[in-house]
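Trainee: Right, I'll just put the structure down here and ask away after.
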Amino acid sequence: MNIEMVPIEIMGLKTDLHTIIHTLRNLGCVQIDDLSDSPEVSARPLTLDRSILHHQEELSFLSAKIGGLLDTFGCKPIKGTYQLPEDYLTEAQRNLEMLLPKVQQLTNQREKLSGELASLPRYETTLRKLLPIMPLSARQPGNVSIGVLVSRVHVGVLDSVGKRVLDLTGGRAQVVASDIDASTRAMLIVFPAEFTAEVEALLGREDVSRLRLPEELGDGPPDLVLASVHRRMTSIPKEIEEINRTLAGLATEWCERLIIWRDALNDEIDANSVLTRFGETDLTFILVGWVPARDFETMQSSLIDITGEAVLVQRLTLTPELKQRAPVVLQNPKPARPFESLVELLSLPSYGHIDPTRLMALFLPFFFGIMLGDIGYGILLLGICLFMLRRIKRGVMRDVVTVLAMGSVWGILFGFIYGEAFGTLGEHFGLQPIWFSRTSSEYVASLMLMTLIIGAVHITLGLILGVWEALKSKSRGHLLERGGMLIGLISLFFIVGVLTDYLPQGFMTPAIAGVILGIVFLGASLGWLGILMGPIEFIGLIGNVLSYLRLAAIGLASVYLAKVANDVAGLFGSVVVGVIIATLIHALNLVLAAFSPTIHSLRLHYVEFFRKFYEGGGRQYQPFKHQNLTGD
Amino acid sequence: MEAGLAAIGAGLAIGLAAIGTGLAQARIGSAGAGVIAEKPEALGTIILLVAIPETMVILGFAVAAMVLLLGG
């Protein structure tokens, strides 16, 4: 069921605005709607003053900075509730001023080192090529070596440069060249240090690119530089590791505080952003929203106490238009709560309409059990589910696993009814069915009949709920449609009863009349098209009941696959091979047994059951409250 | 002979229905996957749409079972 909500309007003095926002946020029970979406209250939208906007901007900037630091540190969410210091904003600003430059310097250094490490193999390749052609003079003190790289297309430039260097130095230079790769040729010029300026000027004039190595590698001959490259290739990863260690130390020291500040800032930003939904007059502000009926009195008295009665909190009349916009809170007993996720998967129920969660909690595991119906698979599946439940603490996944666990229990029960454990394996150990065995062809008809009866009961229940909904919402169309279906279906049961000799022949005529009446009502709900569509819809309704045959079909498929696994195992000469093959097929069957019945049970609810009464499209209740400060 | 023909008939009833369901689900499924990529909250509706053609194969199963149990 969904709980009663009250539409409210709160009007207060602008001087009390922040006090009231603070109180509402602490109460955490009021959903604040946009005033512009509420035509029943007229006021101009609240204009935020410059100081609020400036403050909001500051908070966002600070939050972004903290976000950046959290990303750099790779902080993980912290479990538990935080104790937030009162002057956290000043503390955060002061510490960030100190921490940010330090972290930036470390990350810049790490980036630079990573870039250098990535480029070193390229230098290494070039230097290795130059090494064999390096003249002995390169090692002599007082000589300078310059490497030059030229595209092989312009290889003529190298010859010209070489000659001019020789002329410039009076033949005291040595020039050697070699191909680096398919497109590049390198030249090494060795010359006395006093000609450095002239040679560099010449290279500049000729627009020849020098092989420029990072400063850390020095400016010596290629063999010394290559040794330097190797040293750097070993030392850089260590330096990066050292930086990472320092950052990890900072992360350990600061992560918790940063997360606290970030959450508090976001909370503050969120609190201020809600102001855009408010309205105002010259001296007052107005907000509209929803509060659960049970919390109205508490909320009202809290606001009156905090403002000294300078606030007006009033209930708005719940008009049909307002009712359509009412937020929905589902409230179900604990065992049914996991099924709320499955209902929401389709759509939240509309406010004031039937919440089918409890009915789903009753029928869905039961349907699952009918299909699974195996003690062995049931116990295995239950074990897996219980194990997963210890790992998964919350979320939709936990709900699905809980539902699966409930279904497994029903599966074990039906396993005793059908006398199945890993298909036909139980029979070999003397397991006998309480009612009937699905593997026996003479009982297939019983199984199908059982599922059809279950389907008929489920659909009839859906139609009764549909008629109740139609009466409650005074919808003539829905009443005719669902009422017609209900009358027609019940009459059809009577016809079947007469045909199978469970009822006397005297019931036949009124039952046929009932079916015709039902089709007429059904057709009448569809207007002129009803003449044609009425009978088609009624046939569709019979199809809905027949659809429950899947409870038998899926179960039979599962039990025959298990039988195949057991029979195949016997065909192999080796016991070990047979057991391995059987285990693999049983494992496949177990996966199918977990997946298929869940999907088909869901489908029976969504398509066959819900469509008889369910009104979806509800709006989720989102109260204005402190953000979740548990860190997850 | 009659039992054999009944078995073939049952096979055709469920097999052809399964092909029909498969074709329908293939089209709905591919379109549905596109919708979920754009709008993950539509998952429930897509499951519902994909599941609708399955009724065909269930009816095929019902016919096959009747052929085998009553006619075979």
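Trainee: Name the most mobile residue of B:Ile58, B:Ile14, B:Ile47, meaning the one with the largest mean-square fluctuation, in a Gaussian network model of chain B with Cα contacts below 10 Å.
Mentor: B:Ile47
Trainee: Can I ask one more? Taking θ as phi - 60°, what are the ³J(HN,Hα) couplings along the range A:549-555 by the Karplus curve (6.51, -1.76, 1.60), each to the nearest whole Hz, with x for Gly and Pro?
Mentor: 4, 4, 4, 7, 4, 5, x
Trainee: Using a 10 Å cut-off on Cβ to Cβ distances, tally the other chain neighbours for every residue of A:597-608 and report the average as a whole number. Don't jump to the answer; show the numbers that get you there.
Mentor: Details: counts 0, 0, 4, 3, 0, 4, 7, 1, 1, 7, 7, 2.
Mean shielding by partner chains, rounded to a whole number: 3.
Trainee: What is the extension gain from A:Gln314 to A:Ile78, computed as 0.36 nm multiplied by their sequence separation minus the C-alpha to C-alpha distance, in nm to one decimal? Before the final figure, lay out the partial values.
Mentor: Working: separation 236, 0.36 × 236 = 84.96 nm, distance 4.02 nm.
Working it through step by step, the gained length comes to 80.9 nm.
Trainee: Could you compute the FRET efficiency for A:Glu200 and A:Phe61, with r as their C-beta to C-beta distance and R0 at 51 Å, rounded to 0.05? Display every interim value, and only then the final one.
Mentor: On the way: r = 48 Å, r/R0 = 0.94.
Plugging the Cβ-Cβ distance into 1/(1 + (r/R0)^6) gives 0.60.
Trainee: In chain A, once you exclude exposed chymotrypsin sites (Phe, Trp or Tyr not before Pro) (DSSP loop, at most 15 other Cβ within 10 angstrom), what's the longest stretch remaining?
Mentor: Values: sites that count: A:Phe429, A:Trp435, A:Tyr502, A:Phe572.
Of all site-free stretches, the longest is A:1-428.
Trainee: Based solely on C-alpha atoms, express the radius of gyration and the Dmax of the range A:135-220 in angstrom.
Mentor: Every Cα atom of the range A:135-220 included, Rg and Dmax give 12.4, 35 Å.
Trainee: Got a sec to turn the phi values of the range A:271-279 into Karplus ³J(HN,Hα) couplings, 6.51 cos²θ - 1.76 cosθ + 1.60 with θ = phi - 60°, whole Hz, x for Gly and Pro?
Mentor: So the J values, rounded to whole Hz, are 4, 6, 5, 5, 4, 5, 8, 7, x.
Trainee: Do any cysteines in the protein assembly as shown lack another Cys Cβ under 4.7 Å, and if so which?
Mentor: So, A:Cys29, A:Cys385.
Trainee: A follow-up question, please. Positive end of the charge dipole of chain A (Lys, Arg +1 and Asp, Glu -1 on Cβ, about the Cα centre): tell me which of A:Ser36, A:Ile146, A:Trp254 has its Cα farthest that way.
Mentor: So the residue we want is A:Ile146.
Trainee: Further question on the same structure: By how many degrees, between 0 and 90 and to the nearest 10, does the Cα long axis of helix A:444-472 differ from the longest principal axis of chain A?
Mentor: That helix lies at roughly 90 degrees to the long axis.
Trainee: In peptide A:539-550, how many Cβ atoms from other protein chains are near each Cβ within 10 Å, on average? Mind dumping the intermediate values first?
Mentor: On the way: counts 0, 1, 0, 0, 4, 1, 0, 5, 7, 1, 6, 7.
Per residue, the number of nearby Cβ atoms from other chains is 3 on average.
Trainee: Okay, next question. Just to confirm the number: angle between the C-alpha axis of helix A:50-73 and the first principal axis of chain A, 0 to 90 degrees, nearest 10?
Mentor: Orientation of helix A:50-73: about 70 degrees from the principal axis.
Trainee: Quick one: which residues, 5+ away or cross-chain, put their amide H under 5 Å from the amide H of A:Val311? H built at 1.01 Å from N.
Mentor: When sequence neighbours closer than 5 places are left aside, there are no close amide H contacts.
Trainee: Using only the Cα atoms of chain A, what semi-axes does the equivalent ellipsoid have when each is the square root of 5 times a gyration tensor eigenvalue? Give whole Å, largest first. Provide the component values of the computation, followed by the final result.
Mentor: Values: eigenvalues 1069, 395, 117 Å².
Over the Cα atoms of chain A, the ellipsoid semi-axes are 73, 44, 24 Å.
Trainee: Using the Kirkwood formula on the Cα atoms of chain B, what hydrodynamic radius do you get, in angstrom to one decimal? Present the calculation step by step, with values, prior to reporting the outcome.
Mentor: Details: mean 1/r = 0.0741 Å⁻¹.
After inverting the mean inverse Cα-Cα distance, the result is 13.5 Å.
Trainee: To the nearest 500 deg cm²/dmol, what mean residue ellipticity at 222 nm is calculated for chain A from DSSP H runs of n ≥ 4 alone, each contributing -39,500 (n - 2.57), summed and divided by the residues? Working shown, then result.
Mentor: Numbers: 19 runs with 382 residues, N = 632.
Rounded to the nearest 500, the figure is -21000 deg cm²/dmol.
Trainee: Here's a follow-up. Amide H neighbours of A:Glu280 under 5 Å, at least 5 residues apart or on other chains, H built in the peptide plane: list them.
Mentor: Under 5 Å from the amide H of A:Glu280: A:Arg44, A:Leu46, A:Ile286.
Trainee: So if I place +1 on the C-beta of Lys and Arg and -1 on the C-beta of Asp and Glu, and nothing else carries charge, what would the dipole magnitude of chain A be about its Cα centre? I want it in debye, nearest 20.
Mentor: Numbers: 54 positive and 63 negative charges, 297 e Å.
The dipole of chain A has a size of about 1420 debye.
Trainee: If you average the C-alpha positions of the range A:505-574 and of the range A:219-254 separately, how far apart do those two centres end up, in angstrom?
Mentor: Spelled out, the Cα-based centre of one part sits 73 Å from the other.
Trainee: Using only the alpha-carbon atoms, what does the range A:471-563 span along each of its principal axes? Please give whole angstrom values in decreasing order.
Mentor: 53, 34, 28
Trainee: Roughly how many whole Å is it from the C-alpha centroid of the range A:315-361 to that of the range A:110-142?
Mentor: Here the two parts' Cα centres lie 72 Å apart.
Trainee: Go through B:Ile52, B:Ala7, B:Ile19 and say which Cα lies farthest out towards the positive end of the charge dipole of the protein assembly as shown; charges sit on Cβ, +1 for Lys and Arg, -1 for Asp and Glu.
Mentor: Of the listed residues, the answer is B:Ala7.
Trainee: Amide H of A:Ile8: which non-local residues (sequence gap of 5 or more, or other chain) have their own amide H closer than 5 Å, using H built in the peptide plane?
Mentor: A:Gly289, A:Trp290, A:Val291, A:Leu316
Trainee: Right, here's the next one. Count, for each residue of B:50-58, the Cβ atoms from other chains sitting within 10 Å of its Cβ, then give me the mean as a whole number.
Mentor: 5
Trainee: Karplus couplings for the range A:255-262 from phi (6.51 cos²θ - 1.76 cosθ + 1.60, θ = phi - 60°), rounded to Hz, Gly and Pro as x?
Mentor: With coefficients 6.51, -1.76 and 1.60, one gets 3, 4, 5, 4, 5, 4, 5, 4 Hz.
Trainee: Let me ask something additional. Going by how many other beta carbons lie within 10 Å of each one, how would you line up A:Ser235, A:Ser437, A:Ser145, A:Ser183, fewest first? Walk me through the numbers before you get to the answer.
Mentor: Details: A:Ser235 13, A:Ser437 20, A:Ser145 23, A:Ser183 9.
Ranked by crowding around the Cβ, least crowded first: A:Ser183, A:Ser235, A:Ser437, A:Ser145.
Trainee: With +1 assigned to the C-beta of every Lys and Arg and -1 to the C-beta of every Asp and Glu, and no other charges, what is the dipole magnitude of the range A:193-317 about the Cα centre in debye, to the nearest 20? Kindly include the intermediate steps, with their values, before the conclusion.
Mentor: Details: 12 positive and 24 negative charges, 87 e Å.
Roughly 420 debye, rounded to the nearest 20.
Trainee: With charges only on Cβ, +1 for K and R and -1 for D and E, what is the dipole size of the range A:1-84 about its Cα centre, in debye, rounded to 20?
Mentor: Numbers: 7 positive and 11 negative charges, 103 e Å.
With Lys and Arg at +1 and Asp and Glu at -1, about 500 debye.
Trainee: State which stretch of chain A is the longest one without any exposed GluC sites (Glu not before Pro), exposure meaning a DSSP loop state and at most 11 other Cβ atoms within 10 Å.
Mentor: Numbers: sites that count: A:Glu86, A:Glu309.
For GluC sites (Glu not before Pro) (loop position, at most 11 other Cβ atoms within 10 Å), the longest site-free span of chain A is A:310-632.
Trainee: Please arrange A:His55, A:His230 by counting, for each residue, the other beta carbons lying within 10 Å of its beta carbon, fewest first.
Mentor: On the way: A:His55 16, A:His230 13.
In order of increasing Cβ crowding within 10 Å: A:His230, A:His55.
Trainee: Taking every pair of alpha-carbon atoms in the range A:334-612, what share in percent sits in each 10 Å bin, from 0 to the bin with the longest distance?
Mentor: With 10 Å bins starting at 0, P(r) equals 7, 24, 28, 22, 13, 5, 1, 0.
Trainee: Does anyone have the angle between helix A:530-546 and the longest principal axis of chain A? Alpha-carbon axes, 0 to 90°, nearest 10?
Mentor: Rounded to the nearest ten degrees, it is 80.
Trainee: Roughly how many nanometres apart are two label points built 7 Å out from the Cα toward the Cβ at A:Val564 and A:Ile240?
Mentor: 5.2
Trainee: Taking the highest mean first, how do the peptides A:392-401, A:455-464 order by number of other beta carbon atoms within 10 angstrom per residue?
Mentor: Numbers: A:392-401: 14.2, A:455-464: 19.4.
Answer by packing, highest mean first, reads A:455-464, A:392-401.
We did not get these values from a lab; they are worked out from the coordinates using the rules stated. The shown structure was predicted, so the numbers you read here are calculated from the model rather than taken from an experiment. Here the Cβ is made from the backbone with ideal geometry for all residues, glycine too, and neighbour counts use every protein chain on show.
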